[in-house]
Amino acid sequence: MGDLKDFDELDKRIIEMMCNSSQGSYRQLAKQMGVHPTTLIQRVKTLEAKGVIKGYRAKVDYVAMGYDYNGLVQVYTDNIESVEKELVNIPEVAAVYDVTGEADVVVYLCCLDRDEFSAAVKRINNLPGVVKTNTSVILNIVKPESDFIPKMVDGGL
């Protein structure tokens, strides 16, 4: 695991900037940061190589696309690794979290309708190794995970 202290101020500023928006050319982003484009490119490539920056994608509001049934499924299992491997193959599973606490795994489901949601929960329950589940329907997403940007630099977010 990394440590925030391992990153200098420029790395922290780059990470913060890329979290806010990675759109634009390296030249434009470098100008905003007051560094040479080559410096920015090298730093970004290093952060990618370290696994800090894992990719770039649009932030999509799935509810706006019609995925109206979202939920969290707490999964209790007698074979965590096997169940986790199967969970990632279920199309409606948006995320799988290996957690501490009463449940062994928490799954985030993203479904178009109640029938699809019900079928996905039943599919999870029928996986070999699943002992039981506890499902919560998400009524509103107040702050999605994709909006989290850690405070990286003094005076930052």
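I'd like the residue in region 1-58 that is of a type in the set (Gly, Ala, Ser) and either touching a strand residue (DSSP E or B) at 6+ places or on another chain (Cβ under 8 Å) or farther than 18 Å from Ile149 by Cα (or both) and, out of all such residues, is modelled with the lowest pLDDT.
Filtering first and then ranking leaves Gly24.
Between Lys85, Lys50, which is open to solvent by 70 Å² or more (accessible area, probe 1.4 Å), under 30 Å from Asn134 (Cα atoms), within 18 Å of the chain's Cα centre (by Cα) and among the charged types (D, E, K, R)?
Selected residue: Lys85, the only one of Lys85, Lys50 that is open to solvent by 70 Å² or more (accessible area, probe 1.4 Å), under 30 Å from Asn134 (Cα atoms), within 18 Å of the chain's Cα centre (by Cα) and among the charged types (D, E, K, R).
Search region 123-155 for residues being charged (D, E, K, R) and over 24 Å from Met18 (Cβ atoms), and hand back the single one that is surrounded by the fewest Cβ atoms within 10 Å (Cβ to Cβ).
If we take residues in region 123-155 being charged (D, E, K, R) and over 24 Å from Met18 (Cβ atoms), then Lys132 is surrounded by the fewest Cβ atoms within 10 Å (Cβ to Cβ).
Could you list, in sequence order, the residues of region 6-33 that are open to solvent by 90 Å² or more (accessible area, probe 1.4 Å), without any contact (Cβ under 8 Å) to a residue 24 or more places away in the chain and part of a helix (DSSP H, G or I)?
Scanning region 6-33 gives Asp6, Arg27, Gln28, Lys31, Gln32.
State which residue is surrounded by the fewest Cβ atoms within 10 Å (Cβ to Cβ) when the search covers only region 53-82 and only residues that are touching a Ser or Thr at 6+ places or on another chain (Cβ under 8 Å) and touching a residue at least 40 places away in the same chain (Cβ under 8 Å). Walk me through it before giving the result.
Taking region 53-82 as the starting set, the residues that turn out to be touching a Ser or Thr at 6+ places or on another chain (Cβ under 8 Å) are 56, 59, 71-76.
Filter once more, keeping what is touching a residue at least 40 places away in the same chain (Cβ under 8 Å): 59, 71-76.
Numbers: Lys59: 8, Gly71: 18, Leu72: 16, Val73: 23, Gln74: 18, Val75: 26, Tyr76: 16.
Here the answer is Lys59.
The values are calculated or read from the model by the stated rules, or taken from the named source; none is laboratory data. None of these values were measured; they are calculated from a predicted model. In this analysis, Cβ positions are derived from the backbone assuming ideal geometry, glycine residues included, and neighbour counts consider all displayed protein chains. Side chains included, ligands, DNA and RNA excluded: accessible areas come from the protein's heavy atoms. Shrake-Rupley method; radii C 1.70, N 1.55, O 1.52, S 1.80 Å.
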